Structures are given as C-alpha cells and as structure tokens.
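Input: a single structure, listed below in structure tokens.
Coordinate-derived values only; no laboratory data. Since the structure is predicted, the reported quantities are computational estimates derived from the model, not experimental observations. So basically every Cβ, Gly included, is an ideal-geometry build from the backbone, and we count neighbours across all protein chains shown.
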Amino acid sequence: MRVVVGEGSCGIAAGALAVHRALEENGCEVGITGCIGMCYLEPIVDLYGDDGALAARLVKVGEADAPRIAQAAKSGDVTGLGDLLITGEDRSFLEKQTRIALRNCGIIDPESIESYRSAGGYEAISKILREGMTGEDVIGEIRTSGLAGRGGAGFPTWFKWNAARNSKGGEKFLVCNADEGDPGAFMDRAVIESDPHSLIEGMLIAAYAIGAEKAFVYVRAEYPLAIVRLEKAIAQAEKANLLGADILGSGFSCSLRIKAGAGAFVCGEETALIESLEGNRGMPRLKPPFPAEKGFDGKPSNINNVETFANVAWIIRNGGAAFAAMGTETSKGTKVFALTGKIRRGGLVEIPMGLTLRDVIFDIGGGIRDGKKFKAVQMGGPSGGCIPESLLDTLIDYKALGATGAIMGSGGMVVMDESTCMVNMARFFLDFTAKESCGKCVHCRIGTKRLHETLVRITEGKGREGDVELLEELCRGIKDGALCGLGQTAPNPVLTTIRYFRDEYDAHIRAKRCPAGECAALRTYSIDSGKCVGCTACAKKCPAGAIAGDLKKPHVIDESKCVKCGECVKACRFGAVSVK
Amino acid sequence: MCKNCSKSDLALLDPVLEEFAGDNHALVAILQRAQEIYGHLPCDVIYRIAEKRGLSPAKVMGVATFYSQFRLKPVGKNLILLCKGTACHVNGADSIAKALKDELGISDGETTADGLFTLNEVACLGCCSLSPVMMINETTYGSLTPEKAKEIVRSIKAEGERQ
Ligand SMILES: Cc1cc2nc3c(=O)[nH]c(=O)nc-3n(C[C@H](O)[C@H](O)[C@H](O)COP(=O)(O)O)c2cc1C
Ligand code: FES
C-alpha cells in the first residue's frame, strides 16, 4: 500500500515530520500531502490500496505506531490498526462537506505538478488557450458562476476583472492577496500549502482574462511553509511552460513572483497592499481611483484573494452554471471556513452557501467541547462580529450574515462557550485594531484607542454609567470617518457584543461582576473555612500579603489587598480557595 | 549616526543592493534580506541602504518601523513568537503569556539578559486548530498549557547549556 503523511503546518506542528521519519526508518516509502482539514486529528497517515483508492485513514498517529503501520502497508492487512482508524463520526466531518476550493487539499502531493495534473490540473487553462476562448468569454463564465470575492467584502469577481480588462493604460498587473491577516483564519494558508498549483492556475486564467502579463502573490511573512511550496510550484510551472513567455505556444505570457509581507494587518487592505508591494509603508490610499484604474506602479491592477482564485479553474472546467447551482439567491457556490475555538472538531470546512451556522458548528463541528454551552460565534475577525445562539439558524449568505451585524468575512469562525467574556472579546479585538491602525486617519488612529481604553476600563471594573452609550457614539464616528475598511469595520466587534450581550456590559459596569468569570480584576477569591486546614501554603505564595491566619487555623483573604493573581488557588492542596 | 551601534560589515550588503538596483519597489525586500544577514537592522545598515537607494534615512526608517517583522535591536538566540490571535485568545493564550513571562522574566518584545530568548507576541500563526500555539525559531508548538510552555523553554535552555 502507498503511505501518505499529511504535512501541512498543523500536521507538522502536531508531529507529522517525526512520524514521517519513523515510517521511513521502518522501511516505508512515504509520500506527502497537504492539509485535509481535520486538524483535530493530526498527525494523519493515509494508506492507499493498489487500486489507488484510500484504504485506511489513520489518525493521531505517533512515532511508536510506525512499525505496525509499516507492517500493514507491506502486507496490505490493516486489521492490526483498528485503534488508529478514523471513526465513522469523524469521517462524517468530511462527508458533509462539498469541496471545490479545497478539492485537492489533503489528497494530492503539493510539491508535485504531476500530482496536480493527474487530478485534472491545468486542464482549464489549456482548454482556454486551445479553444481560443477570449478574455470576455472567461469573464462571462465567471459572471455566470456568481463567484464573489472570498477575501471578505464579497464583491462580484467578474465585475472587477471586467473593469481591469477595460481599463486603458498599457501594462496591467494581477495580484493575489495572501496576507490572511484575520487572526483565527487559515484557509488561504491551507490552500497554498496543500494545492499551490490551483492558485497558480486560477491566477493564470485571471491574468489571461484581464490582459495582465505580470502577477504577484503577496504572502504574509508568518507562512514560511506556504512560501516554500509556492516557490517550488512556480519553478515547476515555469519548467512546464505554464508560466513565462508564450505559454503552451499560445502567445500568452505571464510571469509570477512572490512578495513576502513584513507583518502589518492593514496590508490586507488592497490599496495598502499595493503600497507595500511598492516597498513603502503600507498605508491605504483614498479610493477612487480604484486599483482597476491605478494600482501597482500606477497601472491598472486586479487584486483577488487566494480562495477566490482557487475556485476559478474548477468553474472553467465544470462551467459557471454548475457553481451557481449551489448556494442561495445572493451567494453562490461554496465557502471555506476555519472552524476553531471551543469546538469539538476544529479544522477546515467547505460547504455550499445556504447551510445554517448551526449546520456548520453543531452538525459538522460537533458542537462545544467539554460539555459546555455554546455562547457565540465570531465571524469576520476584527472587521466582523459575534453572533449569539438565538441566531444560529442564520443562513451562510452574504446578506443574511450582514444583517446580524457580523459579516461573512474571509472565513474565520471562532466558537465561544460560556466561559468567554464578551466584553473582554470586544476589548481583545480593539486592542488588535488599535495596534494595527496605520495612523493615517484620525478617526481610526484615535478612535480605536479611545474604544480600547474604555473597554479596558470596563473589564477592570472601573466602568461608569453611560459607558455603553459612549462606546456607541465613538463607533458611529469611526464608521463614518475612517479612511479605509480597517477603521470602518473596527467598531463591529463592539457593536455586536453590545447588541447581543448588553447584559454582560451592564454586569461589568453596575455590579462589577464578570458573568463568564474571565475578567481577572472582577474575580473575588475567598477561603472556605470548613476546608482550610491552616497549612499556610497560600499565605506564603501570595505576592500581595493579602492572606492572614495562624498555623493550623483557617486563613482569610483581605479583599482590599488582593491582586487577583490566582496563586492561592494553585497553592491550595485542599480545594479551599474559591473564585467567583 | 548613533553611537550605540557597533560597526556592521557593510560589504555583505553590496550583492543585495546590486540585485535590486533596477527595481525601485524593492525597499521592503531589501530590508528583509538585510535582516537575514545581520539578524536585525543596525542603523549603519539603514544609512547605507538610504544612501545607495537615493532615499532619506527617515524614509527607510519609516518603512522599517512600520512593519512588525523588522527589528532595530538584536534578538536572542531563540525567537519565541507567541500567538495572541482570536482562537488562541479563546483557548487561554493569556495564561501562556504569563507563564512565559514568569519563566523568562521578560515582557513582550524583550530579550533575556543571557541573550537566549526574545519574546514576541503575534496575532495568529495560522495553526489555530492547535491553539494555544507558539513558534520558536521555525518550530511550532501546539495545544500548550502553561506548564508545557515552561517545559519547552526549559528544555531549550538546557540544550543550549549542554552545547
Ligand atoms: C483591514 C483590511 C484587511 C484585509 N485583509 C485581507 C486579507 O488578509 N486577505 C484578503 O484576501 N483580503 C483582505 N481584505 C480585503 C481586500 O481589501 C480586498 O477586498 C480583497 O483582497 C479582494 O479580493 P476578493 O475580491 O477576491 O475578495 C482586507 C480588507 C481590509 C479593509
Ligand atoms: S489564533 Fe493562534 S494560531 Fe491562529
């Protein structure tokens, strides 16, 4: 049997390389693949039968399992691997998905162009060039598909391509936005690491459609493996005459280069990204002019997200109508989500638009871990919002999600349970946006700072009556006044938590209480005199000298001195210190 | 020039400056390569780049300080990138941060006195499903607990002492 180890970043972090080595030491020939998306089961080893079909998927594999896996691969008998075999329930995680952008992820070898080709790769661009489809034909097909930008804003892809195609100004550029700045999202990383050629093919088709001969991929610096795999893929494509001059003898030429980002969230915004590509500080420009008129180097440019491009070759091969057959009236095709947080089965999920949030979180993701209760799901990262339980039946659809105050976003879906404080969540995001604000416009630079300060105050128990109204007023000002999408959407996490979790704000401000028990400053510690044996362990540990009591007598905590560090809880061997 | 900086071997920079000589969009890329060579961006290097590119040192400094990847001070032997992204936040990144700060006695952005560790908090390493996560040099460590994080740091330290 053929042995394949899943070696995306998550797999590697979970120990896939050690498993790979151990298998080789046991005489296996080991192949690699990217991320199958079942991150919670990594490291994963797949055994393929001689007929090429997947015979067994082994999960949470350790180095120690290598000998018997090697044995089974040789003999073809997997009965001894029962404990490692994926369960039916876990298999359903994949079976419930519809994979287009992720079609090859975790299946093909990301470092081999032949592997991509054997899955139908590069057939779409060959078809376009062979059949002499025009740029308009391609754009027409994308229009039929209803594909909208997967980077967050959901703008119709065909429209942008058309604008760039019709733009006068000689040289044109195509840019792929692989900055993936939304913390908690890793769809684009997975696509590049697992199927880099599908990005290249999608970009080639776009470049052909708009008439660009130079293309860039702007990858964030935190993704070293993605950069390495993309570099390899580009070299392979160049060798196969799929990149460079006169591609496949068609007269169409296109070069592709990688530009590594240098760490700045705002550079995901398209005009800031262009500034960064030009070697400048990544500060957004005022729009219009849009990049389609004046982009990189002042020339017409088109920018799309990784996932947007990853859908393109599929659409050309299967027809726009097949893509449009999935989804809702306003949102077509599929969408990839990175399901994380307090979820039982976290990973990558691609589903047709029009399912509900509940389908994704409970049916596919298996609901909340550790028997706790669902509280909210955060979508769209720092530009998005928190959606409460009462809205779990909301459809995955640009319009429906927008109506909740959150957004579809790029695909981050962070699930929270009852132990997450929603005020602190808002504080967390504003800490992020205040730090990442580039400082060009006052509303964003100062507004996010004031929002953050106010939220810090509330989480520290220093909230005042009227703070919520103050937050709302600030939010309105920032939304109206900010120059770019970063500032315009920065208030969303605050506004949605106020809208759906106002009672938590009130509890912090009025009762000086954090209902989730997360805000350290609002916790109170006390010692149960029935359980305390007077061992003095806690008093010795207390950095503030807030605990007093005689040896072998129950101790007490002086609340006025307590700094809420929690050391006493850790020190107590009798479970006598309680936190509220 | 600042008197705190030791002298860098500027000749190492020449091939990079030459490679990008015809590309007037390359400042970020040049700074990245310079940082690979020197480990950080000493100010004589910044001046050199400015001079060779026909830019003011302020412009180069402006770009260098805009991006979080660039460092104006040397880093420790081991660079810890601790994720404070959303998924890691929800799964207890703050307690990992506290554990590392306790263990190393440094805050975000600082380097230990022995030059072994630098701690940088970052937003999302893209391994959210294994959160909380940190990356030391090129290795990612997932599913951390405060204890586990401390142990990882201790074992790197012990290894360093053995060498
Ligand atoms: C602050 C900010 C950050 C953004 N970050 C990203 C990002 O990381 N990746 C991305 O594809 N789009 C990001 N966008 C959206 C881009 O500006 C742009 O709309 C998108 O790349 C266009 O591609 P699409 O039409 O294929 O979605 C961001 C926007 C803003 C305002
Ligand atoms: S949020 Fe920590 S790795 Fe993504």
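Numbers below:
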read-out: Cα convex hull volume per residue for region A:113-209 (Å³); value: 123
read-out: Helix A:442-459 axis, angle to chain A major axis (alpha carbon atoms, nearest 10°); value: 40
read-out: B:T112, A:T496 arranged by Cβ crowding within 10 Å, fewest neighbours leading; value: B:T112, A:T496
read-out: Spin-label model distance (nm) - B:S6 vs A:E453, 7 Å beyond Cα toward Cβ; value: 4.2
read-out: Set of region A:502-534 residues, backbone N closer than 16 Å to the point 7 Å along the Cα-Cβ line of A:A548; value: A:527
read-out: Packing-based exposure ordering (other Cβ within 10 Å, fewest first) of A:L470, B:L27; value: A:L470, B:L27
read-out: Quotient of Cα Rg and 2.2 N^0.38 Å for region A:501-553, N being how many residues it contains; value: 1.55
read-out: Sorted by Cβ density within 10 Å, fewest first, the residues A:R358, A:R57; value: A:R358, A:R57
read-out: Chain B: relative contact order in percent, alpha carbon pairs under 8 Å with at least 6 residues between; value: 18
read-out: Lysines whose Cα lies under 24 Å from that of A:K553, excluding same-chain neighbours fewer than 8 positions away; value: A:K531, A:K540, A:K541, A:K561, A:K564, A:K570, A:K580
read-out: Cα-based helix-to-principal-axis angle, B:146-162 vs chain B, degrees rounded to 10; value: 60
read-out: Extended-chain gain in nm, criterion 0.36 nm per residue less alpha-carbon gap, A:D503 and A:L470; value: 10.2 nm
read-out: Viscosity 0.692 mPa s, 37 °C: Kirkwood-radius Stokes-Einstein D of chain A over Cα pairs, µm²/s; value: 127
read-out: Whole-number percent relative contact order across chain A, with pairs defined as alpha carbons under 8 Å at least 6 apart; value: 11
read-out: A:R130 versus B:S107: modelled label distance in nm, points set 7 Å from Cα along the beta carbon direction; value: 6.4
read-out: Volume of the Cα convex hull of region A:1-154, divided per residue and given in Å³; value: 143
read-out: Estimated inter-spin distance, A:T79 and B:A158, nm [label 7 Å along Cα→Cβ]; value: 4.3
read-out: R0 of 25 Å, Cβ-Cβ distance B:E151-A:R573: FRET efficiency to nearest 0.05; value: 0.70
read-out: Nearest 10 degrees, 0 to 90: helix A:157-166 Cα axis against chain A principal axis; value: 50
